[in-house]
Amino acid sequence: MNKKILITGNLGYIGPVLTDYLHSQTDYDIYGYDIGWFQDCTITEINLEKKVHQTYKDIRHIEKNDLKDIDSVVHLCAVSNDPMGKEFEQATFEINIDASIALAKLCLSSGVKNLVFASSCSVYGAGGDKSKTENDSVDPLTAYAESKIAFEQALKDLNNENNMFITCLRFSTACGPSSRLRLDLVLNDFVASAIVNKRIDILSDGSPLRPLIDVEDMSRAIHWALIRQDKSIGEPTLTINIGRNDNNLTVLDMAKLVTESIPGTKLSVNENATADKRSYSVDFSLYKSLAGDFYPQFTIKDSINRLIDLMNSCPEKLVNFREGIYIRHNVLRNLKNQNSIDNLLNDNEHN
């Protein structure tokens, strides 16, 4: 019998890349659970989901039957960035904390053996210049980051008897190509701006530090988390930074790498901007020591080139991209304006 893997939020940015990766590396039976808001935010055709047993449902309504015979759960589902978290703060806490805790409890009561949670290095907030390890203090500055650390803590409390293997993957900022591209991610935005507008305008002073990780390397880290139980790697409940040490860069240095890859791109920096407190460098030594061949393969330059290849294949889809479907906040606002969802992100059409 193949292992059955449930991926929540599988119809987003990471989902198609992860699905493709797992199908290429494993014989898992993959089940998807997603409300479908971003299903049509595609830049290239997706055929992979024919290989997924799909459920369309709000994570706040998940039931024990949804986890029947599931061996492992990958929890991607979330209100997924700071601007959305600010506008839809209550829904962010309902989905990212309350519904996630309900999911974890159902996993425990249903005999799920393995739970992989997509957390975020954004929990470090105003991190200073010293690279943060997993043992350093956190400083969440937004509703999104607060929700991530709150669920991490809840998982530790729930799994105090080590009945499941739980891996909290504190991911670097995502980047790289996907069939459901997001252009509300810093490096992806810079590449699109350079290709479409021949310029990059940095809204900050360019000094904030960020670690980056390619979405395919995120998929490889999730695969590592799914199999670490079989190889007795790490503690039953493990929180770990995911990225590579040489992918810590300032926002300005990221932009300069893009301009080097796309000649003729002009670069402007808002030197009068108020300092962005969200600045952190992260230490990935623990993951490097444990992950072996699963350690990230792609440098930032690699991800830039991969993004250029994708965007050059369909430039017509990038026109006026800041107003389009590749900005997730735009999609939610459009659904709200159409009265398809309300301020709490409840689905008015199906509830």
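The values are calculated or read from the model by the stated rules, or taken from the named source; none is laboratory data. Bear in mind the structure is a predicted one, so any value in this text is a computation, not a measurement. All Cβ positions, glycine included, derive from the backbone under ideal geometry; neighbour counts span all protein chains shown.
Residue check: is residue 325 touching a helix residue (DSSP H, G or I) at 6+ places or on another chain (Cβ under 9 Å), outside any helix (DSSP H, G or I) and among the β-branched types (Val, Ile, Thr)? Even if it seems obvious, please write down each step before you answer.
On the way: touching a helix residue (DSSP H, G or I) at 6+ places or on another chain (Cβ under 9 Å): yes; outside any helix (DSSP H, G or I): yes; among the β-branched types (Val, Ile, Thr): yes.
So residue 325 fits the description; yes.
When the residues of segment 140-177 are narrowed to those that are more than 12 Å from the chain's Cα centre (by Cα) and closer than 16 Å to residue 219 by Cα, which ends up surrounded by the most Cβ atoms within 10 Å (Cβ to Cβ)?
Per the stated criteria, the residue is 167.
Let me spell it out: the conditions are (1) among the polar types (S, T, N, Q); (2) at pLDDT below 95; (3) buried (at least 22 other Cβ atoms within 10 Å of the Cβ), and residue 96 meets all of them except one. Which number is the exception?
All conditions pass for residue 96, except number (2).
Given the conditions (1) of a type in the set (A, V, I, L, M, F, W, C); (2) assigned to a strand (DSSP E or B); (3) surrounded by fewer than 18 Cβ atoms within 10 Å (Cβ to Cβ), and given that residue 196 satisfies all but one, which numbered condition is not satisfied?
Checking residue 196 against (1) of a type in the set (A, V, I, L, M, F, W, C); (2) assigned to a strand (DSSP E or B); (3) surrounded by fewer than 18 Cβ atoms within 10 Å (Cβ to Cβ), the one that fails is (2).
If I ask for residues that are of a type in the set (Val, Ile, Thr) and outside any loop (DSSP other than H, G, I, E, B), which ones from segment 251-264 would you list? Give the derivation first.
Start the filter on segment 251-264 by keeping residues that are of a type in the set (Val, Ile, Thr), which leaves 251, 258-259, 262.
Result: 251, 258, 259.
So the check is Cβ under 6 Å with 6+ separation or different chains; which pairs have a first residue in segment 17-45 that's outside any loop (DSSP other than H, G, I, E, B) and a second one that's small (Gly, Ala, Ser)?
From segment 17-45, the pairs are 17/178; 17/219; 18/219; 21/219; 34/9.
Which residue is surrounded by the most Cβ atoms within 10 Å (Cβ to Cβ), if the candidates are limited to segment 265-315 and must be hydroxyl-bearing (Ser, Thr, Tyr) and in a loop (DSSP other than H, G, I, E, B)? Write out each step before concluding.
The initial filter retains those residues of segment 265-315 that are hydroxyl-bearing (Ser, Thr, Tyr), namely 265, 268, 274, 279-281, 285, 287, 289, 295, 299, 303, 313.
Next, only the ones that are in a loop (DSSP other than H, G, I, E, B) stay: 265, 274, 295, 299, 313.
Details: 265: 20, 274: 8, 295: 18, 299: 15, 313: 11.
Filtering segment 265-315 for residues that are hydroxyl-bearing (Ser, Thr, Tyr) and in a loop (DSSP other than H, G, I, E, B), the one surrounded by the most Cβ atoms within 10 Å (Cβ to Cβ) comes out as 265.
Provide a single number: the residues in segment 99-132 that are in contact with a Phe, Trp or Tyr (Cβ under 9 Å, 6 or more places away or on another chain), surrounded by fewer than 19 Cβ atoms within 10 Å (Cβ to Cβ) and closer than 26 Å to residue 211 by Cβ.
The number of residues fulfilling the criteria is 2.
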